Amino acid sequence: MSDEFTFRLLATDGGARRGEITMPRGTVRTPAFMPVGTGGTVKAMYMDQVRDLGADIVLGNTYHLMLRPGAERVARLGGLHDFARWPWPILTDSGGFQVMSLSKLRKLNEQGVTFRSHIDGAKYEMSPERSIEIQGLLDSDIQMQLDECVALPAKEVDIARAMEMSLRWAERCKVAFGDQPGKAMFGIVQGGDIPALRERSAQALTEMDLKGYAVGGLAVGEPQQVMLDMLEVTCPVLPQAKPRYLMGVGTPDDILKSVARGIDMFDCVMPTRAGRHGLAYTRRGKINLRNARHADDPRPLDEESECPAARDYSRAYLHHLVKSGESLGAMLLTWNNLAYYQALMADIRSAIEAGCFAGRAREISQAWEDGDLPAR
């Protein structure tokens, strides 16, 4: 443990990086996947389970928590760590993406965003300063700047305008955050699918000398190759000695390819959302438990998994739970999916340490491509 927020690289293998983020509430082993606890809960999971699967850090969402139960209320109740019974590191995103994507009525200007809640239509204002204030009330360990995320495809002039304003907002967030020992504020690289804008954003944020940097505005509908191309122009501009976080990504394949390009941190709702909709992630690829072919299959999802949900329950039973709409189906498949994601990250970290990441990545990808084993 450390009283300061620090990041150190332990090994590199090509573009892949193995590191550690250390802060007062714990150490985050990177590359890391952060389960998404949008409203103070990782859906269909106990927080103790999430920790036992290997998660060092979870994500909370400023937008959702400010609407319900309210940041001031969470602060009065001891902060998000006590409220959610998660004493380890928490990263909160700024709420900007949700304002843009969930609020049908919103008005954006230099000062910030005025929007109406998607829950009850109540009017709220979110400025860079207010976003940091809310994250402070939640008492998160890593706080994100407020930014404007433009959905792709978009006109270059609109992407450039949003990127430049996001840089100005980053400066304001940095001032609002101030000096908080043991905590960090990350800036967010924007620039859409325009390489020159991505480079400009990354360089300007680097000059602000922040404690970490995120890449935002990707995995929003563009082809995977566009995302990877943007990482290839962005990561070399960012400081080697600071952590890099790719926001909202993604599939296991996205993670594997992004690690190869120098990304250290990930978050995504995909494993939890997929679990609630009958889809399992395994080392042999995705398995849709809604499919009728599983109705008489006594095999588990993965007999070699350390996760009881993957190892001890038959596919026939999981299929039954999913088709019947039983809550246990969502719980077991979410458990399986998060277990798989954390096992994948541990595998990646070990491969980087051993200097065999590229070869191991090919093996992992080949197993996905080979697909599920046929029923005996």
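Just so you know, all these numbers are worked out from the coordinates, no wet-lab data involved. Please read these numbers as outputs of a predicted model, since none were measured by experiment. Using ideal geometry, Cβ is built from the backbone for each residue, glycine included, and neighbour counts are taken over all protein chains shown.
Key figures
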| item | result |
| --- | --- |
| Mean separation of Cα contacts under 8 Å, 6 or more apart, over the residue count of the chain: relative contact order % | 17 percent |
| Cross-link pairs beyond the 28 Å C-alpha cut-off, checked among Lys43/Lys107; Lys43/Lys323; Lys257/Lys323; Lys242/Lys286; Lys43/Lys155; Lys43/Lys211 | Lys43/Lys107; Lys257/Lys323; Lys242/Lys286; Lys43/Lys155; Lys43/Lys211 |
| Residue order, fewest to most surrounding Cβ atoms within 10 angstrom, among Val175, Val189, Val74 | Val175, Val74, Val189 |
| Segment 1-47 - Kirkwood radius from inverse mean 1/r over Cα pairs (Å) | 12.5 Å |
| Label-point separation in nm, Asp158 to Asp52, each point 7 Å along Cα→Cβ | 4.7 nm |
| Segment 275-370: translational diffusion in µm²/s, Stokes-Einstein, Kirkwood Rh over Cα pairs, 20 °C, 1.002 mPa s | 155 µm²/s |
| Segment 100-241, dipole about Cα centre (Lys/Arg Cβ +1, Asp/Glu Cβ -1), debye to the nearest 20 | 440 debye |
| Spherically averaged projected area of the chain from its Cα convex hull (nm²) | 18.1 nm² |
| DSSP bridge orientation in the chain - percent antiparallel, rounded to nearest 5 | 55 percent |
| Extreme residue, positive dipole direction of segment 86-147, given options Gly96, Tyr124, Gln145 (C-beta unit charges) | Tyr124 |
| Helical mean residue ellipticity (222 nm; -39500 (n - 2.57) per DSSP H run of 4+; nearest 500) of the chain | -12500 deg cm²/dmol |
| Length added when fully stretched, Gln180-Val269, from 0.36 nm per residue minus Cα-Cα | 29.1 nm |
| Percent RCO, i.e. relative contact order, over segment 275-370, from Cα pairs under 8 Å lying at least 6 residues apart | 33 percent |
| Mean-position separation - Cα centroids, segment 28-48 and segment 235-252, in angstrom | 18 Å |
| Given charges at beta-carbon only (K, R positive; D, E negative), |dipole| of the chain in Debye | 740 debye |
| Kirkwood-based shape ratio for segment 147-275, expressed as Rg/Rh from alpha carbons | 0.96 |
| Ranking of Met45, Met165 by count of other Cβ atoms within 10 Å, fewest first | Met165, Met45 |
